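These notes are about the structure you will find just below.
The values are calculated or read from the model by the stated rules, or taken from the named source; none is laboratory data. Just so we're clear, the structure is a prediction, and the values are computed from it rather than from any experiment. Note that each Cβ is placed from the backbone with ideal geometry, even for glycine, and that neighbours are counted across all protein chains shown. The accessibility values were calculated without ligands, DNA or RNA, using every heavy atom of the protein model including side chains. Shrake-Rupley method; radii C 1.70, N 1.55, O 1.52, S 1.80 Å.
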Amino acid sequence: MKLNKKPLFFVTILLLVANLFSQSRVNEWKHYTSIINFTDIIDLDNSLYCASSGGIVEYDPETKTFITYGVDHGLSRINLEAIEKDKNGNLWTGSGDPVGEINIFDPVSKTTLEVFDRSVFNEDFSAITDFAFTGERMFAVCQINTDWGLLEFKAGNHYAYKDFYFNFPVSFEMIPSVSIVENEIFIATTTELLSANLIQTDLKNPESWRVIVTAEKISNVVEFNGNRMYGIDNDLFIQGESGPVLFHENMNGIINNLKADSNMLYVSTSKGLYSVNSSGESTELIDCEITQAVECNGKIIGSGADKGIFIKDGTEISQFIPNTLLQNTNTAVLTDQHDNVIAGSKYGFSILSEKGWKNIIRTNGEKAIHSAGEDWNYFVSDSIPFSPNSRIYTLVERQDGFIFGSLYGSSINEQRRGALIKFKPDDLENYALFDTIDGNLASSEGRGGAANFLGVARMKFDKEDNLWICNQYAANDHSIAVLKNDDTWIHFSVPESNYFLDYYPSTVAFDPYGRVWIGDEGAGIAVLDYNGTLNDKTDDEWYKITTNSGLGSNNIYDIEFDHAGILYLLTAGGIQEGEVREEFSGSNYFYRLDVNPKFSNVAFQKENVIKIDGQNNKWFTTSASGVLVYTYDSIWLNNYAGYNIDNSELLSNSVLDIDFIEKEGLVVMSTNKGISILKSQFSETRKDFPELNIFPMPFKLPAHKELVIEGLLPDSEVKIITLDGTFVRHLTEKDGNIFGTQAFWDGRNQAGKLVSSGIYICMAYTEEGKNVAGKIAVIRQN
């Protein structure tokens, strides 16, 4: 999206997800986070550097380009809250919840020089949110759980961690900012502005700190025109000898931040950006909320709250919103049949295709759909009106390419309809909404809700492409609604199930024998056998399974049957595995059922899901422990830990949904901090070898990373030979050189010596006689 009086250009590289991973190693990660909102900005050498939820974003005002630096550049965390430059011209970044760490980044070499984390602090910080430098000292605002304080670093040959300070004369909820003016340090808290002398006082002693002023909304402190200035609510104050002195009344908005140079004070407020001269005269520069502003290369640049960047160049104002996803917390994610990633939140949908990100924004007004002419270098969006909701509970795709999303907690009226949305990303004009109209779905009136409130939760397609929908709190007792493959509806009510159904259905699944398993948040499982006659209820048979039958809990969160027909249950009591009988007899439903649930210590919640990939691995999401993975060969991955923020690059331990791009072995995980995509070892099993994908090429030796040979079949081996057939190296899974579909070569021969420059042949083969060959170009540099 751009608002310009003068053309601007945004340069970025966006590729289809599968293509993006075409030269990725197994266990490498990539992340997608929204960079609409910049949490902190600074200018350095005529460039702008921004802290974002996706890492450091550099903006060049001359070329009008953005570049993002993240994990690939050595950053330990990319959900950044703060950025500042030190005396050496390096950038310090502070990361936000759940893990507060400090990185020092070199903007010249584009590499991370140092990381300060738990190994340095001996503490687990929740966030690092602001910095202040003076001479040889640096202070950082830090959070540990609910406590806030300061970290101090001392400069020498390099910066070293010195101490932390958590003792203050007053209590407060947080520290929004830290500032240093001459030899005085200021911290703005949620209730007071505190200061201390940096030379004469012990900062650990609460008596060293004095209260400057008591107020709720206090900005940072700057020096301007020989005075120390700060904002309180809407007003600007000078710190006088006996207290604050009003300098400028009513800046037309809550003051977010102050920046000063020798001539001008820049005031960022909730209503706009203003310049204030030494006489107190103000001029409006930008007329929307600005969180921070800097002067960079002769231009005034402000970061807007969820509005990207505004640039004021003379009288011209331009807005940049980079091509990015709508927001980070997407409660549902789907990879469609074209390998596009579709993420859903209560604000709408974000779709990643080969062009970039396109967003479908929920609106209260008219729809706005662009059929052509979209500039994919900027924020691309369409708007369609549908009901406000608390979350997108589920995203699923029908065989004809229509996407369905359940709008859980929707509140409908005449202008905004929909508890279920149906759309095609490339044909939004034909989107459709379903709710109480024609009785398709039921409101919650009389069930703890209202006539305009609907609880459409999880839904799944059966083999015949019928969509089974959990309609919670159904006023008309129709807890299960089915949108059939011919777009007609059928419903199943609590009374006609012999009250085996309840009013809080949480999930559905389909066993190998044609039965429908319906989990409930408190009432166990109802099983429907409609005997192959969906429209004829006279032969329906209902069964009830509870803790009396071996369930670990009657709170059922998800149910799945794997490709071998094995049952997996996710309940409040943990994870259970079992095999069901083809014929139910009395209350005998299982051949076997694990009556001792796994992970009973994990606090599973109703939003957690089970997803099964094409290789029959089971992936269980959690709200605080990452993802648990039970492999096709009955191993709990990573010694039962799965993937979490401590053993992987996963953005957050709160994983909301998962889907897969099978042919590339990609696992798409939506978290509350953004989307993490893992290149797993579980790629789609091929019948024949494809053309080998060998990288990097040429392979320069010595190398920090091994050469990758991608495209192997199961149980493959690889031999590397010279052009004249001389044997060089044998790579096998047993020796640890093959992992999934990839083989790894360190450039050494079987004797362990680096090979010479030249062209080599690699041959991949199986015992069944299948084989393929490729060429490797080696450059020996020393």
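List, please: which pairs have Cβ atoms under 6 Å, are six or more places apart or on different chains, and start with a residue in the stretch 165-176 that is closer than 14 Å to R210 by Cα and end with one that is open to solvent by 70 Å² or more (accessible area, probe 1.4 Å)?
Listed pairs, sorted by first residue: N167/K204.
Between a residue in the stretch 229-254 that is over 20 Å from G272 (Cα atoms) and any residue that is at pLDDT 95 or above and part of a loop (DSSP other than H, G, I, E, B), which pairs come within a Cβ distance under 8 Å, given they are 6 or more apart or on different chains?
Q239/V221
State whether the residues of the stretch 664-672 include one that is of a type in the set (D, E, K, R), farther than 30 Å from S95 by Cβ, surrounded by fewer than 23 Cβ atoms within 10 Å (Cβ to Cβ) and more than 20 Å from the chain's Cα centre (by Cα).
No.
Condition check ((1) over 17 Å from D427 (Cα atoms); (2) among the polar types (S, T, N, Q); (3) within 21 Å of the chain's Cα centre (by Cα)) across all residues:
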| site | (1), (2), (3) |
| --- | --- |
| S345 | yes, yes, yes |
| F349 | no, no, yes |
| F379 | yes, no, yes |
| I384 | no, no, no |
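Out of the stretch 752-782, which residues are closer than 15 Å to I721 by Cβ and not in a strand (DSSP E or B)?
Selection gives V755, S756.
Is it fair to say G574 is surrounded by fewer than 17 Cβ atoms within 10 Å (Cβ to Cβ) and touching a Pro at 6+ places or on another chain (Cβ under 6 Å)?
No: the conditions fail for G574.
So which residues in the stretch 295-322 are at pLDDT 85 or above, surrounded by fewer than 20 Cβ atoms within 10 Å (Cβ to Cβ) and within 18 Å of I35 (Cβ to Cβ), if there are any at all?
S318, the sole residue that qualifies.
Could you tell me whether D306 is of a type outside the set (V, I, T) and either under 22 Å from Y378 (Cα atoms) or out of contact with any Leu (no Cβ under 7 Å at 6 or more places or on another chain) (or both)?
Spelling it out, D306 is indeed of a type outside the set (V, I, T) and either under 22 Å from Y378 (Cα atoms) or out of contact with any Leu (no Cβ under 7 Å at 6 or more places or on another chain) (or both).
Is one or more of the residues making up the stretch 591-598 in contact (Cβ under 8 Å) with a residue 24 or more places away in the chain, more than 16 Å from T631 (Cα to Cα), in contact with a Gly (Cβ under 9 Å, 6 or more places away or on another chain) and aromatic (F, W, Y)?
no
Confirm whether E223 is open to solvent by 60 Å² or more (accessible area, probe 1.4 Å) and in contact (Cβ under 8 Å) with a residue 12 or more places away in the chain.
For E223, the condition - open to solvent by 60 Å² or more (accessible area, probe 1.4 Å) and in contact (Cβ under 8 Å) with a residue 12 or more places away in the chain - is met.
Residues that are hydroxyl-bearing (S, T, Y), at least 3 per element: which strands (runs of 3 or more DSSP E) completely within the stretch 75-117 meet that?
Passing ranges: none, list empty.
Being surrounded by 23 or more Cβ atoms within 10 Å (Cβ to Cβ) and under 30 Å from G344 (Cβ atoms) is true for just one of L678, L650, L712, L637. Which residue is that?
Answer to the check: L678.
Can you tell me which residue among R210, R137 is in contact (Cβ under 8 Å) with a residue 12 or more places away in the chain and either within 29 Å of D235 (Cβ to Cβ) or open to solvent by less than 10 Å² (accessible area, probe 1.4 Å) (or both)?
One residue alone meets the criteria, R210.
Yes or no: E733 closer than 19 Å to F682 by Cα and open to solvent by 50 Å² or more (accessible area, probe 1.4 Å)?
Yes.
Going by what's in this entry, would E560 be described as in a strand (DSSP E or B), modelled with pLDDT of 95 or more and over 23 Å from Y530 (Cβ atoms)?
no
Pick from F434, F500, F453, F510: which is open to solvent by 30 Å² or more (accessible area, probe 1.4 Å), touching a Leu at 6+ places or on another chain (Cβ under 6 Å) and among the aromatic types (F, W, Y)?
Answer to the selection: F434.
Quick one: in the stretch 54-66, of everything that is assigned to a strand (DSSP E or B) and over 19 Å from the mean Cα position of the chain (by Cα), which residue is nearest to A155 (Cα to Cα)?
The extreme case among them is E58.
Counting only residues that are among the charged types (D, E, K, R) and under 26 Å from I610 (Cβ atoms), how many does the stretch 410-458 have?
Total meeting the criteria: 2.
I'd like to know if the stretch 590-603 contains one or more residues that are modelled with pLDDT of 95 or more, crowded, with 20+ Cβ neighbours inside 10 Å and among the aromatic types (F, W, Y).
No.
If you take the residues in the stretch 187-207 that are touching a Ser or Thr at 6+ places or on another chain (Cβ under 8 Å) and free of Cβ contacts under 8 Å to residues at least 24 places away in the same chain, which one is most open to solvent (accessible area, probe 1.4 Å)?
D202
Looking at the stretch 342-353, is at least one residue touching a residue at least 60 places away in the same chain (Cβ under 8 Å), buried (at least 22 other Cβ atoms within 10 Å of the Cβ) and outside any strand (DSSP E or B)?
Within the stretch 342-353, not a single residue is touching a residue at least 60 places away in the same chain (Cβ under 8 Å), buried (at least 22 other Cβ atoms within 10 Å of the Cβ) and outside any strand (DSSP E or B).
Regarding the stretch 615-631, can at least one residue be identified that is in a loop (DSSP other than H, G, I, E, B), open to solvent by 50 Å² or more (accessible area, probe 1.4 Å) and modelled with pLDDT of 95 or more?
Yes - at least one qualifying residue is present in the stretch 615-631.
Going by what's in this entry, would D426 be described as open to solvent by 30 Å² or more (accessible area, probe 1.4 Å), closer than 19 Å to V333 by Cα and acidic (D, E)?
Answer is yes for this residue.
Please indicate, with yes or no, whether at least one residue in the stretch 677-692 is at pLDDT below 90, within 29 Å of the chain's Cα centre (by Cα) and of a type in the set (G, A, S).
yes
Quick check on my filter: what residues within the stretch 140-158 are open to solvent by 10 Å² or more (accessible area, probe 1.4 Å) and either of a type in the set (F, W, Y) or touching a Cys at 6+ places or on another chain (Cβ under 8 Å) (or both)?
Result: W148, single match.
Filter the stretch 167-186 down to the residues that are open to solvent by 50 Å² or more (accessible area, probe 1.4 Å) and not acidic (D, E), then identify the one that is nearest to S126 (Cα to Cα).
Residue satisfying both the conditions and the ranking: M174.
In this structure, does D97 turn out to be acidic (D, E), under 23 Å from S179 (Cα atoms), under 20 Å from the mean Cα position of the chain (by Cα) and at pLDDT below 90?
In short, yes.
Inspect all residues belonging to the stretch 70-93 and state whether any of them is of a type in the set (V, I, T) and either farther than 23 Å from G356 by Cα or without any contact (Cβ under 8 Å) to a residue 12 or more places away in the chain (or both).
Yes, some residue in the stretch 70-93 is of a type in the set (V, I, T) and either farther than 23 Å from G356 by Cα or without any contact (Cβ under 8 Å) to a residue 12 or more places away in the chain (or both).
Please specify each residue of the stretch 456-489 satisfying the condition of being open to solvent by 20 Å² or more (accessible area, probe 1.4 Å) and assigned to a strand (DSSP E or B).
Selection gives K460, F461, W489.
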